[in-house]
1. Within region 196-214, restricting attention to residues that are outside any loop (DSSP other than H, G, I, E, B) and in contact with a Pro (Cβ under 9 Å, 6 or more places away or on another chain), which residue is nearest to the ligand (Cβ to nearest atom)?
2. Kindly indicate whether any position in region 400-409 is in a helix (DSSP H, G or I), more than 25 Å from the chain's Cα centre (by Cα) and among the aromatic types (Phe, Trp, Tyr).
3. Filter region 245-258 for residues that are buried (at least 24 other Cβ atoms within 10 Å of the Cβ) and outside any loop (DSSP other than H, G, I, E, B) and give the result.
4. Can you list the helices (runs of 4 or more DSSP H) lying wholly within region 67-156 that have 2 or more residues being within 15 Å of the ligand (Cβ to nearest atom) and at pLDDT 95 or above?
5. Can you pull out the residues in region 352-364 that are surrounded by 16 or more Cβ atoms within 10 Å (Cβ to Cβ) and of a type outside the set (Phe, Trp, Tyr)?
6. Scan region 8-53 residue by residue and report those that are small (Gly, Ala, Ser), out of contact with any Pro (no Cβ under 7 Å at 6 or more places or on another chain) and either within 16 Å of the ligand (Cβ to nearest atom) or closer than 21 Å to residue 257 by Cα (or both).
7. Test of understanding: among 298, 279, 306, which residue is outside any helix (DSSP H, G or I) and surrounded by 15 or more Cβ atoms within 10 Å (Cβ to Cβ)?
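The values are calculated or read from the model by the stated rules, or taken from the named source; none is laboratory data. Note that the structure is a prediction, hence the values are computed from the model and not measured. Cβ coordinates were reconstructed from backbone atoms using ideal geometry, including for glycine residues, and neighbour counts include every protein chain displayed.
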Amino acid sequence: MGKSAELIALEEKYGAHNYHPLPVVLEKGEGIYVWDIDGKKYFDFLSAYSAVNQGHCHPRIIKALKDQAEKLTLTSRAFYNAELGKYEKFITELFGFDKVLPMNTGAEAVETALKIARKWGYEKKEIPAGEAIIVVCKDNFHGRTTTIISFSNDEDARKNFNPYTSGFEAVEYNDVEALKQLFADKADKICGFLVEPIQGEAGVNVPSEGYLKACEELCKQHNVLFIADEIQTGIARTGKMLAIDHENIDADVLILGKAVSGGAYPVSAVLANDEVMNVIKPGQHGSTYGGNPLAAAVAMEALQVVLDEKLADNSEKLGQIFRAEITKMAEEFPLFKSVRGKGLLNAILINDTPESETAWNFCVAMKDNGLLAKPTHGNIIRFAPPLVMNEEQLNECLAIIRKTAEEFQK
Ligand SMILES: *Cc1c(COP(=O)(O)O)cnc(C)c1O
């Protein structure tokens, strides 16, 4: 058995089968590239679901990680630490909020936002006890906790994990009228509207222009918190620092994760202004690792890298090129139906049923040609490379995609 088959067998035998990875074993990463254990080099077009927007093992982020790791890693929030306050000032000023609540994973940050919204609903909006509603969108993905999957409509994510948490109502995504109707009926009990500015896991669903702005206005009108889950779309991924910046939206609650730390350490955050955040008092929420000095130091550097390297502008520019080229390919190759996305968060729709193996097989073929991407929801392939790519490298990648499509036609 080859080394890579051996390592795959280990994961199969000793690890829970909660993922279905492409058959490639990676051991090294640098910038936009990863290498497998046989030394074969690949373009990474997943970027760990947009957690490594700054590129793999960014030297500045790794230096911040190492320096802080040698000084102090964890104190718990029972004490103050020398990094947290600096980070809190930095991230709140960067995104324009009064306060941040630091957590570790995306799902935890979503849970935090839901708890804040409910508490605000009872204590500020005066919703009758026990009746608060949070509105979510169909086909959402917000993480894997019991509460979060309670308002998912993905059978795989939900089935047999019941009983579910109540207090959520789903509306169609990209349907202002549906939200308007629900608010007209129940706004007195609604404390929050939780939305992904682009639905990532659902297959890079980009809403119509103006949708998010209209939702923001409805929220203002009905005193409902607009809660933006930018865990995947944020940190320059879609061509702006935040995806809601495309429509100049001020979220009441902003949820960040993934690329906040550039892939070096789990860091997530919930941002809000005092009127909302101050509903949380000591003892009411927390996390042992949340806000630890290692996380704070890493996140500060990772965010500064995004600014210094102007990754949002680069993402915008390369995204235009990517979609233009794939649109041309879609005219040539019946395999490609269309391409959609914003900045460097894009998806190619494959011309086959969601149940078919075509998208998976195409990803395996791209892997053999040196490019790693993964299907999401059957016949959709997400393309989300690190944002530190340049135009020449993108053209190399487009050539690989073209070559794979040509081979696939045969
Ligand atoms: C990845 C993701 C999450 C969950 O983050 P984890 O760190 O995996 O818990 C939540 N919301 C969105 C939009 C995501 O893409």
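1. Looking at residues that are outside any loop (DSSP other than H, G, I, E, B) and in contact with a Pro (Cβ under 9 Å, 6 or more places away or on another chain), I get 199.
2. yes
3. Of everything in region 245-258, those that are buried (at least 24 other Cβ atoms within 10 Å of the Cβ) and outside any loop (DSSP other than H, G, I, E, B) turn out to be 253, 254, 255, 256, 258.
4. In region 67-156, the matching helices (runs of 4 or more DSSP H) lie at 106-123, 146-150.
5. The answer is 352, 358, 359, 363.
6. Matches in region 8-53: 16, 29, 48, 50, 51.
7. Going through 298, 279, 306 in turn, just one is outside any helix (DSSP H, G or I) and surrounded by 15 or more Cβ atoms within 10 Å (Cβ to Cβ): 279.
Conditions tested, residue by residue: (1) at positive phi; (2) without any contact (Cβ under 8 Å) to a residue 40 or more places away in the chain; (3) in the same structural domain as residue 93 (by TED's automatic domain parsing); (4) surrounded by fewer than 16 Cβ atoms within 10 Å (Cβ to Cβ).
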| residue | (1), (2), (3), (4) |
| --- | --- |
| 150 | no, yes, yes, no |
| 170 | no, yes, yes, no |
| 196 | no, no, yes, no |
| 204 | yes, no, yes, no |
| 207 | no, yes, yes, no |
| 226 | no, yes, yes, no |
| 238 | no, no, yes, no |
